[in-house]
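S.K.: One structure follows; several queries about it will come next.
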Amino acid sequence: MNPNTPIEQAFRTIEPQKKALHKLGIKTVEDLLYHFPVRYGNTSEVKNIGTLAVGEDAVVYGTITGLKMSKAFVKKIPMAEATVTDETGRVKIVWFNQPYLAKMIREGATVRIEGKVSDRKGDIYFSNPKIEIAGKVPLAVGKNLFGDQGEEHALYPVYPESRGLTSNWIYHNIERIFKSGMLETLVDPIPQEILDKYHLPGMSDALIYIHAPKRESDALAARKRFAFQEIFFIQLRKQQEKSQWKAEKSFDITADKKSVDGFIKNFPFKATDAQQKSIETILINFRSGHPMSRLLEGDVGSGKTAVAAATTFAVVTSRPTGQNFGNLQVAYMAPTEILAKQQFENFIEFFRGTGIAVGLITGSGCKKFPSKSDKNGWTSVSKAQLSKWVANGEIPIVVGTHALISKSVIFKHLAFVIIDEQHRFGTAQRQKLTQKNQVHMPHLLSMTATPIPRTLSLTLYGDLDLSILDQMPVGRKPIITKIVLPKDRVATYTEIEKGLQEGRQLYIICPRINEADPTKEMAVIAKSVTEEAKRLQTEVFPRWKVGILHSKMTTSEKEKNMLDFTNHKTDILVATSVVEVGVNVPNATMILIEGAERFGLSQLHQLRGRVIRSNHQAYCYVFTESTGAKTVARLKALSVAKNGFELAEFDLSQRGAGELYGGKQWGISDLAMDALQNLKMVEAAREEAKQIIAEDFQLKKYPLLKSELEKTAGSIHFE
Ligand code: ADP
Ligand code: MG
């Protein structure tokens with residue numbers, strides 16, 4: 001047996017186990033070793049059957065008898081029944097829908113049962129409890145491994161739940177791996193100095209500690225090590241990508257400071273210091289001759305577009321050093337058509353009078369500013385025509401959706417790529433755009449309003465330099481946020497009515513609905529939007545016009561409804577939480593969020609950011625059905641937090657990164673997501689990775705690290 005031995009070859013497996021292993025992605029012996037317990041049970045928690053009380057969660061050990069399969073009386077679903085007996089009593093067990101149980105458990109076996117104690121007509125029983133064949137676990141766990149005889153061992157591993165695969169099976173086979181002597185052959189990829197520096201256990205020790213800890217502290221040390229390892233590998237990869245990117249050539253753009261300053265002076269507002277500083281940093285990056293890769297983070301409404309416009313201006317009005325061809329070009333990519341169109345219009349405002357042309361490419365059509373007949377307006381053009389102008393360099397600025405990266409769009413001298421709401425794009429899409437230019441890589445600016453905790457952004461975006469717009473434009477009044485419990489619903493509608501009478505507009509966000517099937521989820525949400533709009537129109541706001549927006553609508557329907565709202569043909573827009581990030585309707589100063597408890601705090605913060613677009617007092621009404629103290633406290637944080645980052649940190653400390661940001665979508669394990677609570681660890685992993693890559697970019701001195709990185713390449717993704 002070696003780490004690469006296929007699991008089914010190493011151990012005897014029956015069909016349900018094979019399925020479960022497959023589902024968990026466990027293919028090899030090594031995969032099994034890296035399948036970590038989610039927690040540890042303690043044998044001292046075990047109850048005597050004779051003392052069980054109805055309603056409690058309990059663990060019991062006993063002998064199983066009377067196992068039989070039948071069909072449940074009413075619904076005819078398969079049902080298994082048995083009795084478990086210990087010295088103090090007996091308890092009945094029933095399972096529904098788990099026919100494979102009968103195959104795995106033999107009459108007379110010692111089992112561990114964990115579940116809630118219920119009662120029926122005075123008899124207590126467990127319904128659908130977890131069952132495992134106990135064998136000699138838990139009392140003997142780890143004993144042989146450590147060679148300790150006398151010491152009582154109270155911890156036993158509990159693995160992530162999976163149908164068909166018991167913790168006991170996993171542990172039993174891991175124990176066999178340990179006994180095979182394989183651990184001694186493993187070489188730790190993390191350099192010893194680093195382990196020593198941070199007091200982390202070596203790999204074989206850590207593997208034993210995590211599966212068979214003698215004490216809680218061993219398990220913790222092991223978890224710390226593996227979390228460090230994962231983050232360290234991510235950082236190594238990010239740092240490597242970063243140095244690769246920085247080694248590329250890009251256009252050396254030395255912008256004329258005076259004309260850029262003039263452009264900024266022409267803004268209809270005074271740029272904030274934060275905007276000025278970001279612009280200056282970007283202009284410095286442009287001069288380096290190597291491609292920039294920068295993330296611009298700023299709360300909704302902090303004015304990222306202006307930064308994009310000023311730096312775009314700098315690029316399209318510059319001639320790169322040593323080149324004498326025409327315009328450099330800029331691509332601005334937005335995640336939805338609505339946003340692309342809105343940014344196209346914003347850019348027109350910024351560039352009007354400069355004589356600089358702007359194009360728009362979306363799936364449903366293309367536009368060009370200025371039009372031939374009206375130098376203040378745009379005109380619709382065919383995609384073929386626009387592509388031609390982009391290809392010959394005639395149009396320097398192109399705004400668009402992902403249609404921008406279709407094969408038919410070729411730039412002549414693409415020098416700068418801006419990605420708005422970048423978290424909504426995959427790396428693959430980003431790479432496609434940046435690879436369009438072969439000789440010179442374009443400078444890259446990603447913009448995001450998603451406030452994520454520092455640890456998470458250091459991990460996910462370790463390859464990017466960071467600029468933060470931590471300042472709101474002057475004159476903005478903070479949003480007044482009110483938590484609305486069910487009893488205050490009517491009074492709140494009355495208050496909103498007043499706002500509508502004053503001529504303001506209102507967004508209503510329907511709750512998030514979790515559906516396993518994403519296509520179905522969209523349909524369910526669309527339905528709830530439509531129904532809620534109908535209810536509001538007839539029962540609550542009959543005097544006002546209600547529009548809707550959800551992702552099941554066609555693009556032209558969406559555009560029309562959005563336009564109607566922008567032009568105040570409708571007063572209320574009922575929408576989902578996902579479609580229109582960044583939408584800008586200054587007169588909409590009220591937002592009502594239904595089912596607020598289903599959103600993360602930073603998400604709520606982002607939603608309410610939609611009404612911070614003008615100098616009217618803005619209101620956010622946070623409706624919640626849940627009156628639990630914890631929910632209310634969490635929502636209260638929303639009304640006091642100064643900015644999105646503060647909220648993100650708060651959320652992180654309350655709920656943990658895994659629950660909040662779902663590590664799975666990025667390919668980060670729950671273990672490492674948990675470690676994101678720990679800024680020191682993330683910074684340490686980053687520093688170590690930085691140093692190694694700075695000294696030895698190709699990891700020549702670290703062949704093990706190199707092969708680890710190659711093995712896991714592509715497993716981290718940043719959608
Ligand atoms: P976001 O960062 O969310 O993309 P936008 O760029 O859309 O924000 O800007 C939000 C609004 O604030 C826009 O109407 C914009 O014109 C305005 N704005 C941007 N910067 C300033 C500023 N320095 N002073 C006043 N208003 C500003
Ligand atoms: Mg924006």
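Just so you know, all these numbers are worked out from the coordinates, no wet-lab data involved. Only a predicted model underlies this, so the values are computations on that prediction, with no experimental measurement involved. Cβ atoms come from the backbone with ideal geometry, glycine included; neighbour counts cover every protein chain shown.
S.K.: Treating the beta-carbon of each Lys and Arg as +1 and of each Asp and Glu as -1, no other charges, what is the dipole magnitude of the chain about its Cα centre, to the nearest 20 debye?
M.R.: For this selection, approximately 1920 debye.
S.K.: Going down the list K242/K477; K680/K711; K552/K642; K265/K407, which pairs span over 29 Å between their C-alpha atoms?
M.R.: Flagged as over cut-off: K242/K477; K552/K642; K265/K407.
S.K.: How large is the helix-only mean residue ellipticity at 222 nm for the chain, computed as the sum of -39500 (n - 2.57) over DSSP H runs with n ≥ 4, divided by its residue count, in deg cm²/dmol to the nearest 500?
M.R.: That calculation yields -11500 deg cm²/dmol at 222 nm.
S.K.: Can you list the residues, at least 5 places off or on another chain, whose amide H is less than 5 Å from the amide H of T481, using H built in the peptide plane?
M.R.: C620
S.K.: Would you mind telling me the antiparallel percentage of the DSSP bridges in the chain, rounded to 5?
M.R.: 45
S.K.: Still on this model: Compute the relative contact order of the range 588-642 as a whole-number percentage, counting only Cα pairs closer than 8 Å that sit 6 or more residues apart in sequence.
M.R.: Relative contact order here is 46 percent.
S.K.: May I ask you to sort F178, F347 by Cβ crowding, counting other Cβ atoms within 10 Å and putting the fewest first?
M.R.: Result, fewest neighbours first: F178, F347.
S.K.: Can I ask one more? Normalise the Debye intensity by I(0) for the range 48-130, one equal point scatterer per Cα, no solvent, then take log10 at q = 0.11, 0.24, 0.25 Å⁻¹ and round to two decimals.
M.R.: Each listed q maps to, in turn, -0.26, -1.22, -1.30.
S.K.: In terms of the Cα gyration tensor, with a ≥ b ≥ c the square roots of its eigenvalues, is the range 480-642 rounded because a/c is under 1.5, prolate because a/b exceeds b/c, or oblate?
M.R.: rounded
S.K.: Related question: Measure out, as a whole number of angstrom, how far apart the alpha-carbon centroids of the range 210-249 and the range 613-656 sit.
M.R.: Centre-to-centre distance over Cα atoms comes out at 32 Å.
S.K.: Angle check, please: helix 644-655 long axis (alpha carbons) against the longest principal axis of the chain (alpha carbons), in degrees 0 to 90, nearest 10.
M.R.: Between the helix axis and the principal axis of the chain, the angle is about 10 degrees.
S.K.: Here's something else I'd like to know. Could you tally the net charge around V84, taking each other residue with its Cβ under 9 Å from the Cβ of V84, Lys/Arg +1 and Asp/Glu -1?
M.R.: Computed value for this residue: +1.
S.K.: Order these by the 10 Å Cβ neighbour count, fewest first: Y61, Y332.
M.R.: Y61, Y332
S.K.: Would you list which lysines come within 29 Å of K258, measuring only between C-alpha atoms, while excluding same-chain residues fewer than 8 positions from it?
M.R.: In chain and number order, the partners are K246, K249, K270, K277, K304, K368, K375, K412.
S.K.: Here's another thing I want to ask about it. Relative to the first principal axis of the alpha-carbon coordinates of the chain, what is the inclination of helix 489-501, with its axis defined by its Cα atoms, in degrees from 0 to 90 and to the nearest 10?
M.R.: 10
S.K.: Let me know the whole percent of all Cα-Cα pairs from the chain that are separated by more than 37 Å.
M.R.: The proportion of pairs with Cα distances above 37 Å equals 52 percent.
S.K.: Would you mind ranking I591, I49 by Cβ crowding within 10 Å, fewest neighbours first?
M.R.: I49, I591
S.K.: Any idea what the dipole of the range 47-137 comes to, in debye rounded to 20, about its Cα centre with Lys/Arg Cβ at +1 and Asp/Glu Cβ at -1?
M.R.: Its charge dipole is roughly 420 debye.
S.K.: Okay, moving on. Hey, got the dipole for the range 257-440? About the Cα centre, +1 on K and R Cβ, -1 on D and E Cβ, debye to the nearest 20?
M.R.: Result for the range 257-440 is approximately 520 debye, rounded to the nearest 20.
S.K.: Add +1 for every Lys or Arg and -1 for every Asp or Glu among the other residues with Cβ under 9 Å from the Cβ of Q239, and state the total.
M.R.: Summing Lys and Arg as +1 and Asp and Glu as -1 gives +3.
S.K.: Output the 0 to 90 degree angle, nearest 10, between the alpha-carbon long axis of helix 216-247 and the longest principal axis computed from the alpha carbons of the chain.
M.R.: Here the helix axis deviates by roughly 30 degrees.
S.K.: Now for a different question. Report relative contact order for the chain in percent, whole number only (criteria: Cα-Cα under 8 Å, sequence separation at least 6).
M.R.: Contact order relative to length: 11 percent.
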